[in-house]
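Student: Encoded as structure tokens, here's the structure I'll be asking about.
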């Protein structure tokens, strides 16, 4: 009877497992309450469906909570933004996995679908956002008309919330000032130039290689000169294959970092000799994509979060984090952007390169085939 | 149910939490990996397995095997010599206790802390690098060898040698004094005893330990993740890239196939290890 012990053990394991499953958060039963216009909060496409902004605020307060994901407190001022939203409306904000990547946000929404802990809203990089638009609920904020058409989905499934320019941050106490990308090949930069991530994996690194490509005569359709530049950088011994973080920057391990200007600018507060150079001859811009999870457990709060982010208050808070809010130009023209904050946003005249999804895909393909070789 | 089988059930009860953990954290993930490596769009497909033969995946597998193999070899040789030296001193000696304690700690000293220790010492801006550069004008860090497979070999060796000491000391302790005395009384020289008695007895244990070291290095992830940020030279890093890339989406199937590949390699190694250990056990009873 050797089997009886095994069978008994397996049976009991099943019981224990059943218990584990039973401990998971309960499924949310109501699918969003009815609004005044008779549309459920889940289906609402503007504040009008709630009978105006006050109705939306009421509905959101009744839900009482908002789940956000992958919003680091020191990124684009999200720490302050979450606090301001929470204080203003008395809604508890649950911030999950602040350091997660864009794809993790989508994974979390899929894995926790129907649970009260699922993310209500997304803040995504371009590729991930455009690949998952069928997971977004269309919604148009009150200031919809003030957002340039190039930065929003016509149905409001996603809206660009903020963006920035690719930049070169450097510690002026350790290296000479950088005024050209080609400066980085000089012997003074031996072992000092870091890129924020692997361009086949991280959006910031991808845009960094694209910016370098533009400086070497490439274009959004031709990223090869950028890869070639990094090959030269490595052969000169200047390329530093370390993932830069605030810790490596402050400790001096990464004296030059190619990254978004707002991330580099945030370091200046901690390290005063840290300067940020945005190459105005070949600027590369990238915007993040804000969207509502169509299965949001708190549909009204998710919509109120959109209203807040795109309001003058939310956009000014973004700008205070060194990013360029999507309404920056119109708000500057109307004098609604805080002047102190406006001064800190880099001004770029002339054309700005924002790669289209097709260009990004083609360039990524090239990178997956050539990057590892160039830097290994 | 008879009284006997009731008792059996009662005896098995304390094992249940363990079994539950094994099922949740070992069996289910393994089955998930195997199933997903072959299932695509709801049907059986070999597309994901085929992707394992792409140049990227093959190169990663080659480098993983090179890294694990070389560090297992280096670790096994140096670890065995160190263990031999340590075992010669009496069990209560300070030296022996100190070396064994240090080895126990260092064998577990992988991960981010170890990677950072090397970065801060011999990295491009490491303390030792800058110091040697200043004093002798010699560049230790070169053009960044530490951040690729060559650097991983050095760093992995750092925890492979102590691990070898720990797993090899019991085998050495199993060599009975009587065997040596018998050999000597029959007129064997020290070298003859070593060559004709000790080495044949220890060979299975040595090879077994080397395989354990291989598996240890093959599956290690955190150290490599902290040290290598560009390209994905080895399989565990390629799995990370396939799962988290913001630029190339929809590669999770490829990650499952890579995970299956790792399971197969480790399984082969572990079967060989068990066979060798069984052979040694005959002598060390």
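The values are calculated or read from the model by the stated rules, or taken from the named source; none is laboratory data. As the structure is a prediction and not an experimental result, all values here were calculated from the model. In this analysis, Cβ positions are derived from the backbone assuming ideal geometry, glycine residues included, and neighbour counts consider all displayed protein chains.
Student: Could you list, in sequence order, the residues of the stretch A:197-231 that are touching a strand residue (DSSP E or B) at 6+ places or on another chain (Cβ under 7 Å), surrounded by fewer than 24 Cβ atoms within 10 Å (Cβ to Cβ) and either within 12 Å of chain B (Cβ to nearest Cβ) or on the phi > 0 side of the Ramachandran plot (or both)?
Tutor: A:204 - this is the single residue of the stretch A:197-231 that is touching a strand residue (DSSP E or B) at 6+ places or on another chain (Cβ under 7 Å), surrounded by fewer than 24 Cβ atoms within 10 Å (Cβ to Cβ) and either within 12 Å of chain B (Cβ to nearest Cβ) or on the phi > 0 side of the Ramachandran plot (or both).
Student: Just give me the residues in the stretch A:155-171 being closer than 16 Å to residue A:284 by Cα and out of contact with any helix residue (DSSP H, G or I) (no Cβ under 7 Å at 6 or more places or on another chain), in sequence order.
Tutor: A:163, A:168
Student: Within the set of pairs 6+ apart or on separate chains, which have a first residue in the stretch A:232-253 that is more than 10 Å from chain B (Cβ to nearest Cβ), a second that is surrounded by fewer than 19 Cβ atoms within 10 Å (Cβ to Cβ) and modelled with pLDDT of 85 or more, and C-beta atoms under 6 Å apart?
Tutor: The qualifying pairs are A:250/A:270; A:250/A:271.
Student: Which number in (1) more than 14 Å from chain B (Cβ to nearest Cβ); (2) in contact (Cβ under 8 Å) with a residue 12 or more places away in the chain marks the one condition that residue A:362 misses?
Tutor: (1)
Student: Another question, then. I need the helices (runs of 4 or more DSSP H) fully contained in the stretch B:194-277, keeping only those with at least 3 residues that are at pLDDT 90 or above and more than 30 Å from residue A:242 (Cα to Cα).
Tutor: Correct list: B:199-219.
Student: Moving to a separate point now. Tell me whether the stretch B:132-142 contains one or more residues that are part of a helix (DSSP H, G or I) and either within 26 Å of residue B:105 (Cβ to Cβ) or within 13 Å of another protein chain (Cβ to nearest Cβ) (or both).
Tutor: yes
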